[in-house]
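The values are calculated or read from the model by the stated rules, or taken from the named source; none is laboratory data. Bear in mind that the values here come from a model prediction, so they are computed numbers and not experimental data. Cβ sites come from the backbone with ideal geometry, for glycine too, and all protein chains shown count toward neighbours. What goes into the accessible areas is simple: the full protein's heavy atoms, side chains included, and nothing from ligands, DNA or RNA. Shrake-Rupley method; radii C 1.70, N 1.55, O 1.52, S 1.80 Å.
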Amino acid sequence: MVALTGRRHLPYAALLLVPVLAAGCATGPGPTWSAPTSSPTSSPTGTSPTAPSSATPTADSPGPESADQPAPTATPGRDRLPHVFPVRARNVDYHPTHSGYPGTDIFADCGEPFVAVTDGTVGEVSRRDRYDKRGPQGPYNGGLSVSVLGDDGVRYYGSHLTEIAVGIEPGVRVRAGQQLGTVGRTGNANNVCHLHFGISPPCLGEDGWWIRRGVVWPAPYLDSWRKGGNRAPAAEVGRWHRRHGCPAKPPGR
């Protein structure tokens, strides 16, 4: 059993709450940051973590607890990497679109496992929920969250978590299907248990929550992975990155 830290499990929410949820996520979830914790000597699967970088987030672009995304370890577009559905549960569903920007809300009971989509390295980790509806909308919307920079060069981001697995820290290597945390309702989840899932380029040292929350639509890839397929988003993410680079601020601002 994977050890977890965070909040206790909460009941499952019906899909009838999708419109309310989409409105709450419209400005985009993003990690919230706390002081770094020491990385363990081994990960939950027994692999040795690599040391995180020492980049410091700026006030305008909330960054990870102790590191920006690590550098990719493989060429984007690599088609032999495994890809798996990010929530391991029988009772799970998702909406094909999202309000305001490309992303997907995956609905499942609070406490269901959130897993790594592919082999890669943990990037941003947020273990504190700093969201306040009276505060800025955007930087802290995601509550507890984890991102993984896949060996395909794509960043996979999940937020609104209840808990994050012990040993999941920036720089730690993970494998496809390894548990990162559990589905929850932190941040601006509107009291609905779900995972906000985003796909984006890493934008090393430059990005903010507006990129991390997602830039390409995940649904076609989720459809494939859920059926046991291996459709890879690296080519689409690469095209987006070549066209847009790493925007310095959210669209429309």
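General remarks:
- For residue 124, residues with placed amide H under 5 Å, excluding near neighbours: 147
- Exposure of residue 240 as accessible area (Å², to 10), given a probe of 1.4 Å and all protein chains: 50
- Residues whose amide H falls under 5 Å from that of residue 119, counting only those 5 or more places apart or on a different chain, are 151, 176, with hydrogens built in the peptide plane.
- Shape of region 139-253, Cα gyration tensor, a/c cut at 1.5: rounded
- Sparse-neighbourhood loop sites, GluC sites (Glu not before Pro) in region 114-212 - DSSP loop, at most 15 other Cβ within 10 angstrom: 206
- Taking 7 Å steps out from each Cα toward its Cβ at residue 223 and residue 191 produces label points 3.4 nm apart.
- When the charge dipole of region 83-144 is built from unit charges on Cβ atoms (+1 for Lys and Arg, -1 for Asp and Glu) and taken about the Cα centre, the candidate among 135, 108, 91 whose Cα reaches farthest toward its positive end is 135.
- Extending 7 Å from the Cα toward the beta-carbon at both residue 166 and residue 88 defines two label points whose distance is 1.8 nm.
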